[in-house]
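The values are calculated or read from the model by the stated rules, or taken from the named source; none is laboratory data. In this text, all values refer to a predicted model and were calculated from it rather than measured experimentally. Using ideal geometry, Cβ is built from the backbone for each residue, glycine included, and neighbour counts are taken over all protein chains shown. Side chains are part of the model used for accessible areas, which takes the heavy atoms of the whole protein and leaves out ligands, DNA and RNA. Shrake-Rupley method; radii C 1.70, N 1.55, O 1.52, S 1.80 Å.
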Amino acid sequence: MEIFLQEGLVLLKAALWAVALSLVMALVAGFLTYLERKVAGHMQARLGPNRVGPYGLLQFVADGVKLFLKEDLIPSDADAPLFRFGPYLVFVGSFAVFAVLPFGERIVATDLNIGLFYVLAITSIETVGLLMAGWASNNKWALLGAMRSAAQSISYEIPVGVSFLIPIVLAGSMSLQGIIHAQAGGFGLLGWNVFHNPFSLAAFFVGCTAMVAEINRTPFDLPEAESELVAGYNTEYSGMRFAFFFLAEYANIFVISMIAAAIFLGGWQLPSPFKDILPFGLVGSFVLLAKAAVLVFIVLWLRWTLPRVRVDQLMEVCWKYLTPMALVCLMGTAVWMWAFPGRIFFGLFGTA
Amino acid sequence: MQPFELTDLGAGTKEMMLNMGPQHPSTHGVIKFVLRMDGEVVAALDPDVGFLHRSIEKIAEKLSYPDFMPYTDRVDYVAAMNCNFGYARVVEKLMKMEVPKRAEYIRVIVAELNRISSHLVSVGTFGNDIGAVTPFLYAIRDRELINDLLEMLCGARLTYNFVRIGGVAFDLPDTFKEKAIAFLDTLEPKLKEFNTLLSENRIFRERLAGVCVISKEDAVAYGVTGPNLRGSGVDWDLRRDEPYSVYPEVSFEVPVGGGLVGKVGDAFDRYWVRIKEMQESAKIVRQCLEQIPEGPIMAKIPRVLKPPAGDAFDRTEAPRGELGYYLVSDGSSKPQRLKIRTGSFAAVSIIPKIAPGWMIADIVALIGSLDIIAPEIDR
């Protein structure tokens with residue numbers, strides 16, 4: 001009896017977290033679509049959305065309602081089951097990461113001991129979903145987009161994975177909570193992995209670049225290159241299914257920013273005497289979200305500034321530059337850990 | 001960058017036929033390209049034009065000479081002034097008409113302003129094709145100021161119907177000169193900003209360096225004209241080499257492609273020639289505004305135009321290449337035949353020659369760099 005009760009409690013807790021996280025994801029992704037349009041607007045000497053709600057803040061609600069009310073359209077020659085399944089797979093791949101995303105100290109759905117590995121593994125599902133969607137659409141542009149997407153995701157997982165290894169090596173843990181805890185030293189600033197040693201600094205940039213490519217954002221947005229492939233893999237999608245792709249795309253921006261902020265920028269660590277003025281480490285949560293917000297803005301900024309690279313250049317960047325650089329960073333960090341065990345770069349000169 | 005050599009590996013693969021257009025973001029209008037693809041590489045390309053055919057040449061045969069002027073706006077609606085200008089010139093040539101000096105100056109001023117606005121659209125959409133969305137908006141913002149200037153002049157912002165046979169419709173308003181100079185003063189820094197954002201961008205340059213090279217010989221053989229011809233390194237500009245109107249009285253340079261980042265005649269050269277031409281056009285407008293004499297803006301013309309029987313051909317340098325009008329008159333008040341020769345049509349004809357072996361992203365760059373526009377191809 002007691003076992004059932006315990007099982008039931010675990011299930012209830014999981015269900016509650018799932019509901020809460022799906023709300024968070026929908027809100028974050030929705031707000032990011034608004035933010036993207038606003039940032040784009042101001043960068044392009046326009047205003048961006050400003051009709052629905054104060055400052056147009058409710059624009060994403062209106063868009064969402066519109067998309068969900070649209071006719072559910074499946075092309076007659078499409079492979080209907082795969083066509084239906086593709087968007088869900090993409091959505092799940094993105095949503096599942098939220099389970100291990102740290103929103104603060106101890107504010108996390110589940111602190112998996114293989115956290116970062118889980119992130120890498122579960123996001124790979126998205127590629128399958130994109131490929132499925134592109135293939136099932138029975139549209140040549142969608143197929144080209146899906147093929148590009150598969151090639152790109154498989155290639156860029158390598159530099160992403162290798163650069164993820166560096167915080168793991170430094171912290172001796174794969175758990176995201178553990179990695180953030182390990183960055184506590186150096187007045188809450190110098191202990192961040194990005195300042196740990198020169199190699200981890202380089203790894204931060206390599207990892208961020210590769211992650212931007214991994215989620216198909218400009219300048220690496222080839223799978224949905226508008227001016228080349230019309231709309232890439234989602235050419236045939238509309239209404240709710242398109243909304244799922246869209247949701248996943250913007251949730252991904254948030255996810256990569258949160259992960260980069262957690263594993264390289266010290267998570268909730270900050271050089272401040274105010275960190276205890278709010279209970280439950282909430283100050284830390286805000287700090288973490290603020291760091292993620294800066295990275296999100298940079299991702300948006302890149303999109304509205306840079307042109308797109310070509311397919312061969314995309315592969316060149318990955319295999320000729322990012323992958324070797326990530327490997328060198330990993331070796332360098334390992335050597336550092338052997339030469340100066342447990343010491344940060346600035347700690348070599350002072351007392352930190 | 002070299003085009004790919006396609007070889008059959010004997011793996012039983014088949015080429016994929018792909019319809020690029022008539023509705024595609026990068027075809028710049030309703031044009032269709034039928035591509036045969038080997039993966040991402042184009043094996044063959046076949047342009048299918050005619051979706052925008054409006055029988056403009058046939059309409060000319062049904063209308064009196066002055067009545068046809070508004071239709072020339074629609075030949076190339078991005079550079080309507082230049083199309084007005086060419087048509088007015090060919091009728092005047094047939095009638096051996098003298099146009100007042102002031103009218104000629106006004107014509108050159110509006111033609112060059114329209115050239116700047118046309119090139120702004122061209123380089124802006126080209127950036128959009130390469131994936132940079134923001135520069136397009138900047139180019140459109142600056143073009144808006146030219147639209148304002150021309151609106152001040154003739155009330156229209158796109159299809160002006162401003163040039164008349166024998167002169168122009170309206171004289172310059174009092175404040176036109178200072179407003180035009182104020183605009184030209186802002187154009188230079190804006191272009192500099194545009195260059196920092198796009199032309200000097202590493203990704204942009206890498207995407208275009210050595211891509212889709214049109215050799216001098218090919219360009220001449222296919223009749224490519226205008227900025228595309230000059231991008232291939234041929235130093236030929238009608239405004240200088242066959243001077244007409246008041247162009248001999250102003251000084252300007254003719255920019256020629258020099259392989260700045262890759263080879264002579266690559267996509268970047270064609271883009272760069274347009275950027276440079278905008279600066280030269282600004283120079284011409286400034287000189288014209290200084291030198292413009294007082295006087296009438298219309299020649300004395302009869303109420304009903306009846307040119308003597310015969311034919312005339314006249315060509316002018318429009319933003320998209322040489323714009324030629326061939327006019328046959330039978331002595332009545334309507335043309336017997338009008339033929340329009342446009343730069344875009346020649347530019348489209350060279351695409352199948354250049355395209356094989358390049359990737360689909362390069363094809364987009366090729367189409368964008370040739371600055372073709374659908375209404376001008378089909379008329």
**Report entry** Residues located in segment B:180-215, provided they are touching a residue at least 40 places away in the same chain (Cβ under 8 Å) and of a type in the set (Gly, Ala, Ser)
**Finding:** B:ALA180, B:SER199, B:ALA209, B:GLY210, B:SER215
**Report entry** Meets criteria (in contact (Cβ under 8 Å) with a residue 12 or more places away in the chain, under 30 Å from A:ILE344 (Cβ atoms), surrounded by 24 or more Cβ atoms within 10 Å (Cβ to Cβ) and in contact with a Leu (Cβ under 6 Å, 6 or more places away or on another chain)) for A:ALA203
**Finding:** no
Query raised in the report: Could you list, in sequence order, the residues of segment A:280-334 that are within 14 Å of chain B (Cβ to nearest Cβ), farther than 20 Å from A:TYR156 by Cβ and open to solvent by less than 10 Å² (accessible area, probe 1.4 Å)?
Result: none
Report summary line: Among helices (runs of 4 or more DSSP H) entirely inside segment B:172-255, those with 2 or more residues being under 14 Å from B:ILE275 (Cα atoms) are B:176-194, B:227-231
Report task. Check whether at least one residue in segment B:109-126 is within 14 Å of chain A (Cβ to nearest Cβ), in contact with a Ser or Thr (Cβ under 8 Å, 6 or more places away or on another chain) and buried (at least 24 other Cβ atoms within 10 Å of the Cβ), and report yes or no. Result -> yes
Report task. For segment B:163-170, indicate whether the set of residues that are within 14 Å of chain A (Cβ to nearest Cβ) and over 18 Å from the mean Cα position of the chain (by Cα) is non-empty. Result -> no
Report task. Any chance you could count how many residues in segment B:195-239 are polar (S, T, N, Q), over 17 Å from B:PHE126 (Cβ atoms) and more than 20 Å from the chain's Cα centre (by Cα)? Result -> 1
Requested in this report: For segment A:21-33, indicate whether the set of residues that are without any contact (Cβ under 8 Å) to a residue 60 or more places away in the chain, in contact with a helix residue (DSSP H, G or I) (Cβ under 8 Å, 6 or more places away or on another chain) and not in a helix (DSSP H, G or I) is non-empty.
Outcome: no
Report task. Kindly establish whether B:PRO296 is within 21 Å of B:ARG107 (Cβ to Cβ) and assigned to a loop (DSSP other than H, G, I, E, B). Result -> yes
Report summary line: Scanning segment B:1-24 residue by residue, those in contact (Cβ under 8 Å) with a residue 40 or more places away in the chain, assigned to a loop (DSSP other than H, G, I, E, B) and surrounded by 11 or more Cβ atoms within 10 Å (Cβ to Cβ) turn out to be B:MET1, B:PRO3, B:PHE4, B:LEU6
Query raised in the report: Looking at segment A:183-200, which of its residues are touching a Pro at 6+ places or on another chain (Cβ under 9 Å) and surrounded by fewer than 22 Cβ atoms within 10 Å (Cβ to Cβ)?
Result: A:GLY186, A:PHE187, A:GLY188, A:LEU189, A:LEU190
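Here's the yes/no breakdown for (1) out of contact with any strand residue (DSSP E or B) (no Cβ under 7 Å at 6 or more places or on another chain); (2) at pLDDT 90 or above:
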site: B:MET37; (1), (2): no, no
site: B:VAL42; (1), (2): no, no
site: B:GLY50; (1), (2): yes, no
site: B:ASN84; (1), (2): no, yes
Query raised in the report: If you take the residues of segment B:141-157 that are open to solvent by 50 Å² or more (accessible area, probe 1.4 Å) and out of contact with any Phe, Trp or Tyr (no Cβ under 6 Å at 6 or more places or on another chain), which of them is nearest to the other protein chains (Cβ to nearest Cβ)?
Result: B:ARG141
Report task. Tell me, yes or no, whether segment B:75-86 has at least one residue that is farther than 20 Å from B:GLN279 by Cα, more than 14 Å from chain A (Cβ to nearest Cβ), open to solvent by 20 Å² or more (accessible area, probe 1.4 Å) and not in a helix (DSSP H, G or I). Result -> no
**Report entry** Any helices (runs of 4 or more DSSP H) falling wholly within segment B:305-379 and containing at least 3 residues that are open to solvent by 10 Å² or more (accessible area, probe 1.4 Å) and more than 14 Å from every other protein chain (Cβ to nearest Cβ)
**Finding:** B:343-354
Query raised in the report: Would a scan of segment A:233-246 turn up a residue that is closer than 23 Å to A:GLN313 by Cβ, modelled with pLDDT under 85 and either surrounded by 20 or more Cβ atoms within 10 Å (Cβ to Cβ) or within 14 Å of chain B (Cβ to nearest Cβ) (or both)?
Result: yes
Requested in this report: Any chance you could count how many residues in segment B:1-24 are more than 10 Å from chain A (Cβ to nearest Cβ) and either hydrophobic (A, V, I, L, M, F, W, C) or more than 24 Å from B:ILE214 (Cα to Cα) (or both)?
Outcome: 10
Query raised in the report: Say we look at segment B:25-53 and pick out the residues that are outside any strand (DSSP E or B) and within 12 Å of another protein chain (Cβ to nearest Cβ); which of these is surrounded by the most Cβ atoms within 10 Å (Cβ to Cβ)?
Result: B:SER26
Report task. Go through the residues of segment A:61-84 one by one and say whether even a single one is open to solvent by less than 70 Å² (accessible area, probe 1.4 Å), closer than 30 Å to B:GLY124 by Cα and within 14 Å of chain B (Cβ to nearest Cβ). Result -> no
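Within segment A:121-158, how many residues are outside any helix (DSSP H, G or I) and either at pLDDT 90 or above or surrounded by fewer than 20 Cβ atoms within 10 Å (Cβ to Cβ) (or both)? Step through it out loud before you land on a result.
Keep residues of segment A:121-158 that are outside any helix (DSSP H, G or I), which gives A:137-139.
Now narrow it down to the ones that are either at pLDDT 90 or above or surrounded by fewer than 20 Cβ atoms within 10 Å (Cβ to Cβ) (or both): A:138.
Looking only at that region, the number is 1.
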Report task. Looking only at segment A:94-113, decide whether some residue is in contact with a Lys or Arg (Cβ under 9 Å, 6 or more places away or on another chain), away from chain B (no Cβ under 14 Å), on the phi < 0 side of the Ramachandran plot and surrounded by fewer than 17 Cβ atoms within 10 Å (Cβ to Cβ). Result -> no
**Report entry** Among (1) under 19 Å from the mean Cα position of the chain (by Cα); (2) under 30 Å from A:LEU222 (Cβ atoms), the one test that B:ARG74 misses
**Finding:** (2)
